[in-house]
Amino acid sequence: MGLHNIVVELDSSLIVNWLENGSCGIWYLEDFWEEVLFLISGLNIRVNHVFREGNQAADWLSKCGSAGITQDYNSTNLPKDLKGILRVDKCGLPCFRIR
């Protein structure tokens with residue numbers, strides 16, 4: 001694939017631990033897990049845990065996907081909410097989750 005030195009940030013510490021240990025330990029996920037391990041084998045990959053607030057753009061996109069919104073975005077058609085999240089992230093400002 002031509003990818004080198006990949007950093008993956010996940011807000012699931014459980015999956016980060018699974019990747020570090022190489023095993024998920026849940027029998028009904030083993031087939032999927034083996035496929036994930038196969039796909040990342042041979043890649044120089046580092047996996048880090050980040051809190052959801054530190055991964056706010058990905059969290060926003062995953063909420064859209066789970067709501068059935070399947071839109072392709074580029075720099076010219078970003079929704080206002082996502083554009084704001086990315087601006088705050090680019091400035092290095094902290095994000096707070098308000099419930």
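The values are calculated or read from the model by the stated rules, or taken from the named source; none is laboratory data. Fair warning: this is a prediction, and the values are worked out from it, not measured in the lab. A quick note on method: Cβ atoms are made from the backbone with ideal geometry, for glycine too, and the neighbour counts reach across all protein chains shown. These area figures cover heavy atoms from the full protein model, side chains too; ligands, DNA and RNA do not enter into them. Shrake-Rupley method; radii C 1.70, N 1.55, O 1.52, S 1.80 Å.
Taking Cα atoms, how many degrees apart are the long axis of helix 30-40 and the longest axis of the chain, rounded to 10 and kept between 0 and 90?
That helix lies at roughly 70 degrees to the long axis.
May I ask for the angle, rounded to the nearest 10°, between helix 80-90 and the longest principal axis of the chain, with both axes built from Cα atoms and the value confined to 0 to 90°?
Helix 80-90 sits at roughly 70 degrees to that axis.
For the charge dipole of the stretch 53-99, defined by +1 on Lys and Arg C-beta atoms and -1 on Asp and Glu C-beta atoms about the Cα centroid, which residue among 58, 68, 93 has the Cα displaced farthest towards the positive pole?
93
Using a 1.4 Å probe on the protein chains only, how many percent of the accessible area of the chain belongs to carbon and sulfur?
56 percent
Pick from 30, 20, 53 the residue whose mean-square fluctuation is largest in a GNM of the chain, springs joining Cα atoms under 10 Å.
Of 30, 20, 53, the Gaussian network model singles out 30 as fluctuating most.
Mind giving me the nanometre distance, one decimal, between the label points for residue 13 and residue 48, set 7 Å out from Cα along Cα→Cβ?
1.7 nm
Suppose the chain between residue 61 and residue 35 were pulled fully straight at 0.36 nm per residue; how much longer would it get relative to their current alpha carbon spacing?
Numbers: separation 26, 0.36 × 26 = 9.36 nm, distance 2.39 nm.
Length gained, residue 61 through residue 35: 7.0 nm.
Could you give the angle, 0 to 90 degrees to the nearest 10, between helix 56-66's Cα long axis and the longest principal axis of the Cα atoms of the chain?
Helix 56-66 and the main axis of the chain meet at about 80 degrees.
Could you state the accessible area per residue of the chain in Å², with a 1.4 Å probe and every protein chain left in place?
On the way: 8020 Å² over 99 residues.
That works out to 81 Å² for each residue.
Identify which of 17, 55, 77 has the largest mean-square fluctuation in a Gaussian network model of the chain, with springs joining Cα atoms closer than 10 Å.
Most flexible of the set in this elastic network: 77.
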